[in-house]
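The values are calculated or read from the model by the stated rules, or taken from the named source; none is laboratory data. Because the structure is a prediction, the values reported are computed rather than measured. Because the Cβ atoms are built from the backbone with ideal geometry, glycine has one as well, and the counts that use them run over all protein chains shown.
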DNA sequence: ATAATAGTGTCTCTTAGACAATATTTC
DNA sequence: GAAATATTGTCTAAGAGACACTATTAT
């Protein structure tokens, strides 16, 4: 076997959630150079016995105490320019995770300085390394997948209303959707939503039916994203 | 900086083309263990000064003498299980390339044993490493992207007819499309096709208008893949 | 009763799919 | 002219978008 250039391989996470009506991403504040004081995406080295998905799920659990079974976790892409980290040659395999709003702020792995930041308030040059690009790619991916997949439910609690789901679309797409047409759409696609039988109560207006995610893995025909 | 486990990083290619009415993929025959005698996807180590895209394009040029400007080249995903190569820990960043039918068989880099094989004839266990999975993922990606992108033209010569383009869809999707509805669809989406003014000649039937790829980067509304 | 939110029905327009009809070439 | 392929047109049905209307709760 010929000689090969050695790389470090990390798994970095773009973890989205919705808090206070805003799309937020999990970031940690870097304590060391390079980029000390900047925000960075959480992540870490892939360990010798792990495959890439396992490394990403381990990081996700460490940071949020939520595993891929609760959240949604998928590979986003790899980033490996020669100068992205001045210390060594490193390739990052980025993952996209969508999680519901967490009851506790953020669990404490070794990164107790992790926090949720609204995506719209994160300036690109406040992020370390090439993490602004990774974040942008993750946002594009999440927006696109809402169109043709039942993924929006990953942002919701296990039981949710049609309005909850609509708000996810509106926040991620930064748009407004007609509640009536949206309702007709999501309830007419077979297997997309499954009624639990329960209803909400104690809020203003007519109580809403509760649903959970159905079996469908694809939303067909797709939900159309309004032109803006 | 703490110690990190060293990886080898390779860029592997899923290169599709259409030959003799069949979807074909570029494979090389392995001469050494492991998997001596098996087919494998072309690829190689990412070099110290290269980013991932550059490595993929270099490999593509070495194997086909076509660059990403002529063909289409995009990152597919990364594969890095701990046991995928018995010799060392290696992460492969896989790329998907779509190229037109080449005038010469396959150019001679160091891999003169490269050849085009019909995808349908490649048995999964005839491929080395986890390349059967990478190939399957590449096929899924290519099929999906034909729906909403102008990518089918990447399989065609610079100038092509509507029927040429339709045959790409039919071959990649392994389906039949109505020539009249297809014609109406692709010619009605603005920016998808650009007439060159020329026509075909010397074939049977009415000569067809020639087109080249238009400026559009998205096909909207999408081309619907028939249910089978 | 009023306000607020949930859910249903109706109309119109676009577009996909089926397929008839016409156009232009080779043999 | 016959056969083959290209291109246009016509009809129908499904679905999206606009929006009136009904339903059920809290105050």
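For the reader, a short list of remarks on this structure follows.
- Residue check, residue A:131 away from chain B (no Cβ under 14 Å) and within 16 Å of DNA strand D (Cβ to nearest atom): no
- Between A:119, A:168, the distinction of being away from DNA strand C (no atom under 16 Å from the Cβ) and in contact with a strand residue (DSSP E or B) (Cβ under 9 Å, 6 or more places away or on another chain) belongs to A:119 only.
- Qualifying residue in the range A:25-42 (condition: within 11 Å of chain B (Cβ to nearest Cβ) and in contact with a strand residue (DSSP E or B) (Cβ under 6 Å, 6 or more places away or on another chain)): no
- Looking only at residues in the range A:89-117 that are within 14 Å of chain B (Cβ to nearest Cβ) and at pLDDT 95 or above, the one that is farthest from residue A:171 (Cα to Cα) is A:89.
- Of the residues making up the range A:184-228, those that are within 22 Å of the chain's Cα centre (by Cα) and either surrounded by 13 or more Cβ atoms within 10 Å (Cβ to Cβ) or more than 9 Å from DNA strand D (Cβ to nearest atom) (or both) number 15.
- Within the range A:197-226, residues that are closer than 30 Å to residue B:226 by Cβ have Cβ atoms under 9 Å from residues that are assigned to a loop (DSSP other than H, G, I, E, B) and near DNA strand C (Cβ under 8 Å from one of its atoms) in these pairs: A:221/B:224; A:222/B:222; A:224/B:221, counting only partners at least 6 apart in sequence or on another chain.
- Selection of the range B:46-73 for residues being surrounded by fewer than 16 Cβ atoms within 10 Å (Cβ to Cβ) and in contact with a helix residue (DSSP H, G or I) (Cβ under 8 Å, 6 or more places away or on another chain) yields B:47, B:67.
- Selection status of residue B:77, assigned by TED's automatic domain parsing to the domain that holds residue B:21, farther than 13 Å from residue B:25 by Cα and in a loop (DSSP other than H, G, I, E, B): no
- Residue within the range A:44-53 that is more than 14 Å from chain B (Cβ to nearest Cβ) and part of a loop (DSSP other than H, G, I, E, B) present: no
- Some residue of the range A:60-72 being more than 10 Å from chain B (Cβ to nearest Cβ) and closer than 30 Å to residue B:49 by Cα: no
- The condition (being within 12 Å of DNA strand C (Cβ to nearest atom) and at pLDDT below 95) is satisfied by just one residue among A:163, A:201, A:208: A:201.
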